[in-house]
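Engineer: Below are the structure tokens for one structure; questions will follow.
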Amino acid sequence: MFETFCGEVVRSGAGSVLVADPTVALRPRLFARLDEGRPLTVIGGPRGSGKSALVQSWLATPAAAHLHAVLVPAPATGLDPADYWRCVDEVLRRVDPSVGTAVVVDLPELLREEDHRTGILGLLRSWPGTRVIVTTRWGAGFADHWPAELEATVLVGAELSFTESETAEYFARSGVVLDERTYRSIHAAVGGHAGLVRSALAVARVFGADYEVERARSTDALDAAVDRYVADQFLGDAELAPLRPFLLSTSVAAVVTVAVATALTGDGARSHLLTLERSGVLVRAAGPQIDEWVYPPAVRTALVRAARAEHGGRSLPESAVLARHFQQSGDLPEALVHAVEAEQWDLALSIVGENWVEMIHTRPTVLRESLTALPPSVVEGFPTVKAARELFVRWGSDQVEVPYPGAAGPAGRTAGSRAPLSLRDTLILNTVQMMVLRFAGEFGRAVDLAVHTSALAAGTAAADRSEVDEILPLLRLQWSITRQLAGDLGESTTDLLRAYRTSELGGIEFAARNAAGALALNYALTGEYGLADQWLEAEARFGVPAGWVGPMVRVPGLVARALVGVGRLDTASAARALDQLDDLSDRDELWGFAVYARCRLDLARGAAEEGLDRVRRAVAVYGRWLRPGSVSGPLLVAVEAELRCALGRATEARAAVAGTYRSHPLVALARARVEFQTGNPGTAAVECEELAHRGDAWTGTRMEAVLLGSAASLALGEAEAAGRGWRRVAAFVEQTGAVGLLTTVPAAAVDALSAELPAPQAWRTLPAEERAAQFPDPVRRVSLTGREATVLRSMVDGATVAEIASRLYVSPNTVKTQLQSLYRKLGVHTRADAIRVARESGLA
């Protein structure tokens, strides 16, 4: 029913009288929040975000059918707050108290109460059991400061926006079926804003299946639809007409503060901002006492288009004002954005030239977009800016040379340059060229340049280095990453230690955290778990940076945690670390280490088949980086061979280690394991002895070779040699906790070796199931004649007895006799078992 409410109309009645909005009905996640049934629900969002539609649609659902709904409209201008709340009380008194009631209060902020909580809390106290639902444009104000004991559900901001999948479902249910890419682009254009999603549907209906084919026209049509919506709902609002110039001017800023608005429009800015917030135009940032506002993204884009149209399509004077404002306030990335928009090239060049080395780590997207927007003619004569621009232009391309400026040598000149460069420019240019080479997979050349540039910095007098002290930590970080990706962990660690110390002293926290995590990764890879622990603790002292750089700097530390967990058989902690990685981008340079860690965990868990699938997928995604000089190549080859050994596929494992990277220590260890698993302990012992003394082998790799060599010596009856190796391994495990090392040889071998010197305590206290060997017991060595080997290979190839006889020019009976001898030697009775043993033992 409808009743008069202080000169307005209030709807009061059962939920069944309400009609559901189809755009909400498709989003059950929103209904689930309202189904929580708490005494207070606050739904905050800007104009057109679907607040009222959500409430009315929920009240029409079966879950709310028992509620008596009282929908209180927004208060009229100038209405006294006391009169408003008294009227609400009067309506509620006429509701049957035995019936559940939900009172929906729309836009109570228009009352301009000193404390917006007073009326709402009064309702909750006066009418216990009644649900109060507040729909508000002042989301930040109504979301905070409720009493701790009050149970409240709060939906503000992004929760009300359509997700990409919800947009697609809404379109499909409305008879407009498009492909995934089109849905994604439409969603990006309207930002999930409910009102704009409806406008987009009207455009999509016109183009239908031709939306993507007519890409240019459909995009223009969608932009025009958004512009019309903003013109009608915002710019055309008579109440907002006095603020139209303010609205257009402030839309140029991505984030509007009082200081920004004052710089753009003068005094009175705060009052105007609050008016626009209460009018549902601006959205305040979440959190108490935060005076920052934003326009909904698609709305802001349309407002900027309108502002430019009023200036004849030229760059906006407000951009120039903001460039100067942000420069003076020290926010150089924002100053750069607006300097480029205002085409103030001198200011843009100045900001980039002085700050791009830091911005490449902290604000890479801003830097890339700004640099690529600079006209080529503008950057001529600015070597470091041109180098930065070339870096982003060539990122991920096959072009690995920066034509000019090229890499600078000790003389401080670049190819094609006549003027000598400063030390700062020289180091930057070389580092840029190094990164371009690295991104292109030219790891050898990238390392050479890193070595040269590092030596150039180290050989410079302290007085001359003062001009580069500020950027050296960031440059060293890049040099160390290059060496790390090439597997030169010793030199990488040296650079990382310097980068960490100077970053920490200089207050560059994100760089210090990144360096600490990378150090932990280096030590985890080499098996020095104690040192890895120390650097993981150092990493934890720094917070995760906000924005793009945050996920990037977390990767090395998470991979390190996983490797340490696997090495100590703490597979639960290893899994937790890897779970936080999610799926790495196909442009993440540390992908090889992450895949290696995941495969090591698969081995430890007895899930070798999953590990092999992981290797295959990684090669398909990251194959372009599997180039000579990359450590990812040998990491993947070695772990693939060990996964195949764990599955008893020695023939496949032997093939894996026989090709590229065969001289790398990790691959040499895998090759020794293949020999051991296939019944060749003598060959395995020789390979392990050589590997145990190689200077280029990591500590953990050497100790694993020593342990495998000891197991091989046992198999050969050389107890003294086995004991010598075991004493070294036991001491290493005691010091590092690397008990996982002992699962890489048969359990019987560990028991035999422990007879003279007990295994470390950490190993002895593990449950028996955790001490299970990763690999099956070695097969019995079988000596075949040349003819038997030929017959066996033919069987594996699928040849019949008659076909084998034909190939060997003998009778079928002769082949059958040879098969009987072959079965006896292999210890099998069937053809299938003979083929299986042949594959496991590497005989075929």
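The values are calculated or read from the model by the stated rules, or taken from the named source; none is laboratory data. Just so it is clear, the model here is predicted, and its values are computed rather than measured. Cβ sites come from the backbone with ideal geometry, for glycine too, and all protein chains shown count toward neighbours.
Engineer: Go through the range 809-829 and give me each residue that's touching a helix residue (DSSP H, G or I) at 6+ places or on another chain (Cβ under 7 Å) and of a type in the set (A, V, I, L, M, F, W, C).
Structural biologist: V815, L819, L822, L826, V828
Engineer: Please verify whether the range 590-597 includes one or more residues that are in a helix (DSSP H, G or I), touching a residue at least 40 places away in the same chain (Cβ under 8 Å) and closer than 15 Å to G737 by Cα.
Structural biologist: no
Engineer: Then there's this: Restricting attention to the range 125-146, report how many residues are surrounded by 20 or more Cβ atoms within 10 Å (Cβ to Cβ), in a loop (DSSP other than H, G, I, E, B) and modelled with pLDDT of 85 or more.
Structural biologist: Here the count works out to 1.
Engineer: Just one of (1) surrounded by 19 or more Cβ atoms within 10 Å (Cβ to Cβ); (2) in contact (Cβ under 8 Å) with a residue 24 or more places away in the chain; (3) in a helix (DSSP H, G or I); (4) not basic (K, R) trips up G122, so point out which.
Structural biologist: Failed condition: (1).
Engineer: What number of residues in the range 147-192 are among the hydrophobic types (A, V, I, L, M, F, W, C), surrounded by fewer than 16 Cβ atoms within 10 Å (Cβ to Cβ) and farther than 27 Å from L303 by Cβ?
Structural biologist: Going through the range 147-192 one residue at a time, the tally reaches 4.
To keep it simple, each residue is scored yes or no on (1) over 18 Å from V385 (Cα atoms); (2) of a type outside the set (A, V, I, L, M); (3) surrounded by fewer than 17 Cβ atoms within 10 Å (Cβ to Cβ); (4) free of Cβ contacts under 8 Å to residues at least 12 places away in the same chain.
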{"residue": "S279", "(1), (2), (3), (4)": "yes, yes, no, no"}
{"residue": "V299", "(1), (2), (3), (4)": "yes, no, no, no"}
{"residue": "G312", "(1), (2), (3), (4)": "yes, yes, yes, yes"}
{"residue": "S319", "(1), (2), (3), (4)": "yes, yes, no, no"}
{"residue": "T372", "(1), (2), (3), (4)": "no, yes, yes, no"}
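Engineer: Among the candidates V10, V19, which residue alone is at pLDDT below 85 and closer than 29 Å to P147 by Cβ?
Structural biologist: V10
Engineer: Going through R465, R483, R418 one at a time, which residue ends up being modelled with pLDDT of 95 or more and among the basic types (K, R)?
Structural biologist: Going through R465, R483, R418 in turn, just one is modelled with pLDDT of 95 or more and among the basic types (K, R): R483.
Engineer: Considering the range 301-357 alone, what residues qualify as being more than 24 Å from E470 (Cα to Cα), aliphatic (A, V, I, L, M) and in contact with a Phe, Trp or Tyr (Cβ under 7 Å, 6 or more places away or on another chain)?
Structural biologist: L303
Engineer: Could you list, in sequence order, all residues of the range 238-255 that are without any contact (Cβ under 8 Å) to a residue 40 or more places away in the chain and in a loop (DSSP other than H, G, I, E, B)?
Structural biologist: Residue satisfying the conditions is V255 alone.
Engineer: If A216 passes every condition in (1) under 27 Å from P28 (Cβ atoms); (2) out of contact with any Leu (no Cβ under 8 Å at 6 or more places or on another chain) but one, which one does it miss?
Structural biologist: The failed condition is (1).
Engineer: Further, regarding this structure: Quick check on the range 193-207: of everything there that is of a type in the set (G, A, S) and without any contact (Cβ under 8 Å) to a residue 60 or more places away in the chain, which residue is surrounded by the most Cβ atoms within 10 Å (Cβ to Cβ)?
Structural biologist: Result: A200.
Engineer: Can I ask one more? S370: among the small types (G, A, S) and at pLDDT 80 or above, yes or no?
Structural biologist: Yes: the conditions hold for S370.
Engineer: Among the residues in the range 826-843, are any modelled with pLDDT of 80 or more, touching a Lys or Arg at 6+ places or on another chain (Cβ under 7 Å) and not in a helix (DSSP H, G or I)?
Structural biologist: No: zero hits.
Engineer: Hey, any hits in the range 761-776 for a residue that's surrounded by 12 or more Cβ atoms within 10 Å (Cβ to Cβ) and charged (D, E, K, R)?
Structural biologist: Yes.
Yes/no matrix, rows are residues, columns are (1) in the same structural domain as L110 (by TED's automatic domain parsing); (2) over 22 Å from S315 (Cβ atoms); (3) modelled with pLDDT under 90:
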{"site": "R217", "(1), (2), (3)": "no, yes, no"}
{"site": "A221", "(1), (2), (3)": "no, yes, no"}
{"site": "P245", "(1), (2), (3)": "no, no, no"}
{"site": "S249", "(1), (2), (3)": "no, no, no"}
{"site": "A261", "(1), (2), (3)": "no, no, no"}
{"site": "T265", "(1), (2), (3)": "no, no, no"}
{"site": "R270", "(1), (2), (3)": "no, yes, no"}
{"site": "V281", "(1), (2), (3)": "no, yes, no"}
{"site": "A286", "(1), (2), (3)": "no, yes, yes"}
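Engineer: Every residue in the range 618-664 that is in a helix (DSSP H, G or I) and among the small types (G, A, S), please. Quick ask: steps written out before the conclusion?
Structural biologist: Going residue by residue through the range 618-664, those that are in a helix (DSSP H, G or I) are 618-625, 632-646, 650-656.
Correct list: A618, A620, G623, S632, G633, A638, A641, A646, A650, A653, A655, A656.
Engineer: Test of understanding: among R198, R184, which residue is basic (K, R), within 19 Å of L30 (Cβ to Cβ), assigned to a helix (DSSP H, G or I) and not assigned by TED's automatic domain parsing to the domain that holds L54?
Structural biologist: Of the residues listed, the single one that is basic (K, R), within 19 Å of L30 (Cβ to Cβ), assigned to a helix (DSSP H, G or I) and not assigned by TED's automatic domain parsing to the domain that holds L54 is R198.
Engineer: More than 28 Å from E769 (Cα to Cα), among the β-branched types (V, I, T), crowded, with 22+ Cβ neighbours inside 10 Å and at pLDDT below 95: does that describe V657?
Structural biologist: Numbers: more than 28 Å from E769 (Cα to Cα): yes; among the β-branched types (V, I, T): yes; crowded, with 22+ Cβ neighbours inside 10 Å: yes; at pLDDT below 95: yes.
Against the criterion (more than 28 Å from E769 (Cα to Cα), among the β-branched types (V, I, T), crowded, with 22+ Cβ neighbours inside 10 Å and at pLDDT below 95), V657 qualifies.
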